[in-house]
Each structure stands twice: as C-alpha cells, then as structure tokens.
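What follows is a short report on a single structure.
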Amino acid sequence: CDGNYTITRVFTAMDDCGNSTSASQLITIIDITAPEFTYLPANYTAECSDELLTEVATASDNCSGVVIEMYETEIPGSCSGEYTVSRTFIATDDCGNASIASQMITIVDNTAPVFVSVPSDYTAGCSSEIIDEEAIVSDNCSDVTIEVFDSEIPGSCSGEYTISRTFIATDDCGNSSIAIQTITVVDTRAPVFTDIPAD
C-alpha cells in the first residue's frame, strides 16, 4: 500500500588503493496509524415529519488517502413516530488502518393531530333524532384514535337542553387535540290535542 515500502541503504568503504567493501542497511517503512476524523456531524433531534440531514464526515491520514463509508441503523422507540438513527462512519486508509465514529439522530413526535373537519354546530327539535357525524383528523407521523364524549346541559324547560360533543384525537405517541361540537335541542312545537270532549 502507499504507506508501506522498503529503503535499501548501501554503504561502500574504499581505501586509498581502491580496495572497497560494501554493506547494506534495510529500512522498512510501515503505516500503522489510523486516519483521524477532522469533521464529524453532530448529534441532533428532529421531528418525525422533518427531512433528515445527511452530512458527510471527513478524515485525514498521515501517509495515504482515506475512504469513508457510512452505515445507518434504525432503533425503534416507544411509539411508531419515535426512533433513533445511528450513523456509523468508518474511515480507512490505503493500508487498511481504520477509525470509527458515530452520529446519533433522535426522532421525536411532539406534534398533535390536526382536525381536518369537525361536525358543525346545529339546532334540532326535541323530537328529532340526534345526528352522529364523524370528525376527520390527520397526523404527521402515525395513526390516530378518535374518542367522542357527550355532555348534556339542561335548558330552561324539560324539552330543551344542549349537547356538548367533545372529540379527542390522539396519535400513537400520545399527542392529542380536542374539538367540540354544540348541538342545541329546543322545543318549539305546541301540544296537539288527541281527544277533545264533544260539544
């Protein structure tokens, strides 16, 4: 390899009458020094929807050129939107000496789901059937679970009340958003006689 070679040094001793003797010295040059990293991408944390930056490490060697290889491993986290990316950089010189360094990228999911559509507030008669409409939600990284809770608030008379319908959208990492629909139930119809005594 470029860093390994041999020097043969020949010494010749000659006297005044031309008699000479030669001897040699063998110098073996070897490269046992691994490359040194001159730049290594820093560890960082990113949101699961962000594009990951791919920075290249650089290294130098005392005797030859350097080849840098990168290997990436993904380590699962506690939920589908969170994981760790381990990047390993291996710098190898022409003689096979190698140095290893790593970069850790922590992927987190801190973004709550977003309601795309929430059922509109409306007013219904007390004898009407209450309509159950679904909310539509999107999330940047994982599936979403929607829970619906109804709370009934009494009105000024037995036929009137308000339903407060709460939608709670939660992603796989526990981030949640809340939306509320208000359904106002009113009694605007007068009673109807079912039997009237004859005149």
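The values are calculated or read from the model by the stated rules, or taken from the named source; none is laboratory data. Keep in mind that what you see is a predicted model, and the values were worked out from it rather than measured. Positions of Cβ are generated from backbone atoms using ideal geometry, with glycine treated the same way; all protein chains shown enter the neighbour counts. When the accessible area is computed, the model is the full protein with side chains, heavy atoms only, and any ligands, DNA or RNA have been set aside. Shrake-Rupley method; radii C 1.70, N 1.55, O 1.52, S 1.80 Å.
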Legend entry - Accessible heavy-atom area order of 17, 1, 173, highest first, probe of 1.4 Å: 17, 1, 173
Inset, instruction - Counting only C-alpha contacts under 8 Å and six or more residues apart, can you give the relative contact order of the chain as a whole percent? - result: 16 percent
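Find the Rg to Rh ratio for the range 1-117, where Rh is the Kirkwood radius over alpha-carbon pairs and Rg uses the same atoms.
Ratio of gyration radius to Kirkwood radius: 1.44.
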Legend entry - Lys/Arg +1, Asp/Glu -1 at C-beta; the chain dipole; positive extreme among 144, 166, 128: 144
Inset, instruction - Round to the nearest 10 and report in Å² the accessible area of residue 149, as given by a 1.4 Å probe over the protein chains' heavy atoms. - result: 110 Å²
Legend entry - With DNA, RNA and ligands ignored, accessible area of residue 27 (1.4 Å probe; Å², nearest 10): 40 Å²
Inset, instruction - Sort 114, 56, 137 by accessible area with a 1.4 Å probe, largest first. - result: 56, 114, 137
Legend entry - Accessible area in the full protein assembly, largest first, 1.4 Å probe, for 52, 26: 26, 52
Legend entry - Top positive-direction residue, dipole computed over the range 1-112 with Cβ charges, set 35, 7, 77: 7
Inset, instruction - Could I have the simple spin-label model distance between residue 123 and residue 166, label points 7 Å from Cα toward Cβ, reported in nm to one decimal? - result: 2.6 nm
Inset, instruction - Identify the residues of the range 149-165 with backbone N under 16 Å of a label point that sits 7 angstrom from the Cα of residue 180 along the Cα-to-Cβ direction, or state none. - result: 149-155, 162-165
Legend entry - the range 1-57, dipole about Cα centre (Lys/Arg Cβ +1, Asp/Glu Cβ -1), debye to the nearest 20: 480 debye
Legend entry - Karplus (6.51, -1.76, 1.60) ³J(HN,Hα), θ = phi - 60°, over the range 107-119, in Hz, Gly and Pro reported as x: 9, 10, 10, 10, 9, 6, x, 10, 6, 7, 8, 10, x
Inset, instruction - Could you point to the label whose value was computed as log10 I(q)/I(0) by the Debye sum over Cα atoms at q = 0.07, 0.08 Å⁻¹ for the structure here, given [x] -0.43, -0.52; [y] -0.54, -0.61; [z] -0.35, -0.41? - result: [y]
Legend entry - Probe 1.4 Å - accessible area at residue 116, Å² to nearest ten: 100 Å²
Legend entry - Estimated FRET transfer efficiency when R0 is 41 angstrom, pair residue 74-residue 147 (beta carbons, to 0.05): 0.85
Inset, instruction - Can you work out the PRE-style zone for residue 46? Point 7 Å along Cα to Cβ, and I want the residues of the range 135-162 with backbone N under 17 Å. - result: 140-142
Inset, instruction - Just report the Cα centroid separation between the range 173-197 and the range 81-126, whole Å. - result: 44 Å
Legend entry - the chain, dipole about Cα centre (Lys/Arg Cβ +1, Asp/Glu Cβ -1), debye to the nearest 20: 720 debye
